[in-house]
Every structure is written in C-alpha cells, then in structure tokens.
Amino acid sequence: MEDSQFDVIIIGAGVMGSSTAYQAAKRGLKTLLLEQFDFLHHRGSSHGESRTIRTTYLQPHYYPLVIQSFKLWKEAQAQVGYDVYFKAQHLDMGQFNDPTIRAVIENCHKHNIPHQLLNHQQVAEKFAGKFNLPENWVGLTTEHGGILKPTKAVAMFQTLAYKNGAVLKDNTKVTDIKNDNGVVVLTASGETFRGKKCVVTVGAWANKLLKRISGVEIPIQPIETHVCYWRIKQGHEGKFVIGGDFPTFASFGKVYVYGTPTLEFPGLIKVAVHGGRVCDPDKRPWGSVVMMNELKEWIEGRFGGIVDSSEPVVKQSCMYSMTPDEDFVIDFLG
C-alpha cells in the first residue's frame, strides 16, 4: 500500500474517527482509517460499555445536534443489524438556584423541549422513592435520554466503513503529515499515504501530533477519569434496570455526578464523578478515583441506602480530552 492515494485519510479510530470513516466511505470517497494501537483498544476515550446521551446541555447549540444524532444512530444501527443505543428518560438535578440547572431549564424553554420540572417530593414520587433530593433541590426530566455502547459503536462504524469500501489499518502510528499537492501521511513503520484531505481525530494525543506537524498548540488537556460501578442491595436490583422507569442522570453542584441504569453488569449501577487528573496519554498513572469520598456521600444520600456506597465493585479508567470551555474543537489547520 506504499504511496497509496486516497480522497480522505482519517487518523485515530475512536468513535469520532470511525464514524467519520463510515460517513466518508458512504459518500463514495476513497477512505483510509489509521489507528496507532489495536482497533477497539482501551487506552483512549472510546471504549467501555456505556455513555449517556442527552439533550439537556448548558449550551443551546447542542440540542439540534443531539436530536439529529438520535436519527443518525438509529440509521447506522439499522444498517449493521444490532443496537448500540438503548432508550431511557434523563434526569438532571441540583439546587434550584444552581447556574447549571438554571441554564438547562432555560434551554428547555428556548427549544420547546418537553420536560417536567419537579420539586424534591415530586422526584421521589415519579421515581418511586429511588432518588432522595434535599428540600432545596429540583429535578428536570426529559424523554430524550439513553445509553450508547461505545466499544460496540466503534465496531459498528468500522464495520460499516469497511462495507462501504474504506481501508482500515491499526497498529499504524502516524509520525508526520506534510502538504505536497495534497496531504502526505508518514508512519513509524515507514509507510507513506497520500490523500486530498486529512482528518485528525486522535483525542488525547491531538496536541502531541498537531504540535509536531504544525507547531500549533490547541488547549486540549488529557485527563484520566474513572467510571465506577456500585452494588445494588439484594431485592432492589430490578428497580434500576434499563427499559424500566430508571433514568440516565446528572447531578450538578460542588461535585458533578452522573450515572446510567443497569445494563452491562447485572445488579450493579454506574455512578461516577465528571472529572479526573491531568495526565500524559503515553504515561498514564492508571491512578485512583478522584473525589471518592464525595461520590460515596452522594450515593448514600441520593439512593437512601439501597445502593452499597462502601466501595465500588468495578472501576474502569478512561481518558477525557478536555478543552477549557469543554466544547469540541472542529476546525481546519493551515
């Protein structure tokens, strides 16, 4: 494949790169997808069993994008023949005067998102006592929630990209990208690929690669974060399963806590802190969970003792690629 010519070369085969490869190949473009590690590896951001999908963001511009993405997720899974999206309600909660929850409420009004704003008692009634909110807290529920399965989704996009004619290569580390009547991509093993365009979707490695090829430094900070699963006490497991009335959820305040219904591990519920420690993606500490005491306290307080808050049963390490405003970077270089 030395010196092969493509319409588009995509570097980084996580969920962003793999879905880009599928969309490009589907449009008839000669597409190459490169990954520095094995496909479906666990060293980046696009692995594991569940991610929350929701429309209730602080920034108003995400609502139409998420609504469009629901349609695209359903179209893609219909193409491959299995599900990666599992529907649930979504619940946001926080103190009534918390700026985050106020912004979420405002966005619901702005976009006419069907929602319910509930006081602490109404939340307890709606979810049959599964959430105990303090008196000065509110809950906001919407129907637009659910779980996406990341590893399964990446496999789906790669399968669909391949079916549409894309070339997929893993264990291929890109060392340089040059402009020479198009784009020339050089790899650690000495291979050269030519393309009309190049898309870089390397997540936590973005700064390392972009700085090397262009000198441009984008403020993307790799952060090691952890996903924790907690044991539901015996006899209560059925209350938390996906497909029932238990929602995906986000809790705002001093600690931002989020979680999903039981799907991947029977009898366990995923509850985690949004945050982590700054790291070098090539020298990860695989360290301990941040704000564990606050997380345990939150679980004890909100679930009223029916989830064992003494220690998580499963801990999984993951990577964020965080910008200062937590928005995505989609742009052209050069």
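A few points about this structure:
- Residue in the stretch 1-37 that is surrounded by the most Cβ atoms within 10 Å (Cβ to Cβ), counting only those that are in a loop (DSSP other than H, G, I, E, B) and hydrophobic (A, V, I, L, M, F, W, C): 13
- All of (1) part of a loop (DSSP other than H, G, I, E, B); (2) at pLDDT 95 or above hold for residue 321 with one exception: (1).
- Selection count, the stretch 143-194, where residues are open to solvent by less than 50 Å² (accessible area, probe 1.4 Å), more than 19 Å from residue 47 (Cα to Cα) and among the charged types (D, E, K, R): 2
- All conditions in (1) open to solvent by less than 30 Å² (accessible area, probe 1.4 Å); (2) part of a loop (DSSP other than H, G, I, E, B) hold for residue 140, with the sole exception of (2).
- All of (1) open to solvent by 60 Å² or more (accessible area, probe 1.4 Å); (2) more than 28 Å from the chain's Cα centre (by Cα) hold for residue 117 with one exception: (2).
- Residue list for the stretch 195-238, filter: surrounded by fewer than 20 Cβ atoms within 10 Å (Cβ to Cβ), more than 20 Å from residue 320 (Cα to Cα) and modelled with pLDDT of 95 or more: 196, 197, 231, 233, 234, 235, 236, 237, 238
- Condition check for residue 123 on (1) open to solvent by 30 Å² or more (accessible area, probe 1.4 Å); (2) under 22 Å from residue 304 (Cα atoms); (3) part of a helix (DSSP H, G or I): one failure, at (1).
- Screening the candidates 105, 101, 147 for the property of being of a type in the set (Val, Ile, Thr) and either touching a helix residue (DSSP H, G or I) at 6+ places or on another chain (Cβ under 9 Å) or not in a helix (DSSP H, G or I) (or both) yields one hit, 147.
- Any hit, the stretch 179-193, residues being at pLDDT below 95 and either assigned to a strand (DSSP E or B) or under 20 Å from the mean Cα position of the chain (by Cα) (or both): yes
- So residue 287, is it in contact (Cβ under 8 Å) with a residue 24 or more places away in the chain, open to solvent by less than 90 Å² (accessible area, probe 1.4 Å), in contact with an Asp or Glu (Cβ under 7 Å, 6 or more places away or on another chain) and not in a strand (DSSP E or B): yes
- Being closer than 30 Å to residue 125 by Cβ, at pLDDT 95 or above, open to solvent by less than 50 Å² (accessible area, probe 1.4 Å) and part of a strand (DSSP E or B) is a condition met by no residue of the stretch 290-306.
- For the criterion of being in a helix (DSSP H, G or I), modelled with pLDDT of 95 or more and not hydrophobic (A, V, I, L, M, F, W, C), residue 77 passes.
- Residue 268 surrounded by 14 or more Cβ atoms within 10 Å (Cβ to Cβ) and of a type in the set (A, V, I, L, M): yes
- Residue in the stretch 38-56 that is over 30 Å from residue 271 (Cα atoms), of a type in the set (A, V, I, L, M, F, W, C) and open to solvent by less than 50 Å² (accessible area, probe 1.4 Å) present: no
The values are calculated or read from the model by the stated rules, or taken from the named source; none is laboratory data. Please read these numbers as outputs of a predicted model, since none were measured by experiment. Cβ: placed from backbone, ideal geometry, glycine included. Neighbour counts: every protein chain shown. In case anyone asks, the SASA skips ligands and DNA or RNA and just uses the protein heavy atoms, side chains included. Shrake-Rupley method; radii C 1.70, N 1.55, O 1.52, S 1.80 Å.
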